[in-house]
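Have a look at the structure below before the remarks.
The values are calculated or read from the model by the stated rules, or taken from the named source; none is laboratory data. Quick caveat: nothing in here was measured; it's all calculated off a predicted structure. Here the Cβ positions follow ideal geometry from the backbone for every residue, glycine too, while neighbour counts run over all protein chains shown. Quick note on the areas: whole protein, heavy atoms, side chains included, nothing else; ligands and nucleic acids left out. Shrake-Rupley method; radii C 1.70, N 1.55, O 1.52, S 1.80 Å.
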Amino acid sequence: MDIIRIKNLKISARHGAYEFEKDKDGLFELDIEMYMSLEAPSRTDDLNDTVNYDEAVSIITSIFTQKSYNLIESVAEKICFKLLDQYPIKKVLIRIRKPHAPILANLDTVEVELMREKNR
């Protein structure tokens, strides 16, 4: 299966379990992998046969910023199902990193990863 990737999409939002995380924007980093056959668009050279990257980024950004979530797991799930519904993809994998997570530890980031498949 072929893959379309959007790597390190940076979006400002107010997600977090603590109230102070909802008071100001934090920068999140997202990776999205969309699994589908790219055979048809490779032959037809037609945007309608594949994922429109610009449109996909707009959908992801809109979902990510339309409300504050307590958990990035929740917003990741919503993005997965919207992409599966919108495009002829079989499976989607999303990673969301929160480099500014309020954790008293020496770390680069925290990350969640979800993989969802289209129901047959």
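Do we find a residue being out of contact with any strand residue (DSSP E or B) (no Cβ under 8 Å at 6 or more places or on another chain) and farther than 23 Å from HIS100 by Cα anywhere in region 64-80? So far as region 64-80 goes, no, none of its residues is out of contact with any strand residue (DSSP E or B) (no Cβ under 8 Å at 6 or more places or on another chain) and farther than 23 Å from HIS100 by Cα. Residues of region 20-54 being of a type outside the set (Asp, Glu), surrounded by 11 or more Cβ atoms within 10 Å (Cβ to Cβ) and farther than 22 Å from ALA76 by Cβ, which ones? Listed by number, the residues that qualify are SER37, LEU38, ALA40, PRO41, SER42, THR44, LEU47, THR50. The strands (runs of 3 or more DSSP E) found wholly in region 23-120 and carrying at least 2 residues that are touching a Pro at 6+ places or on another chain (Cβ under 9 Å) occupy 26-36. Taking first residues from region 54-72 that are among the aliphatic types (A, V, I, L, M) and partners that are part of a loop (DSSP other than H, G, I, E, B), the Cβ contacts under 8 Å between residues at least 6 apart in sequence or on separate chains come to ALA56/TYR87; LEU71/HIS15; LEU71/ALA17; ILE72/HIS15; ILE72/LYS98. Selection within region 1-19: residues that are open to solvent by 20 Å² or more (accessible area, probe 1.4 Å) and touching a residue at least 60 places away in the same chain (Cβ under 8 Å). The member of this set that is farthest from the chain's Cα centre (by Cα) is TYR18. Identify, please: which residue in region 77-108 is closer than 16 Å to ASN8 by Cβ and open to solvent by 50 Å² or more (accessible area, probe 1.4 Å) and is, among those, nearest to the chain's Cα centre (by Cα)? In this case the residue turns out to be ARG95.
Within region 33-46, residues that are more than 16 Å from ASN119 (Cα to Cα) have Cβ atoms under 6 Å from residues that are of a type outside the set (Asp, Glu) and crowded, with 16+ Cβ neighbours inside 10 Å in these pairs: GLU33/LEU93; PRO41/THR50, counting only partners at least 6 apart in sequence or on another chain.
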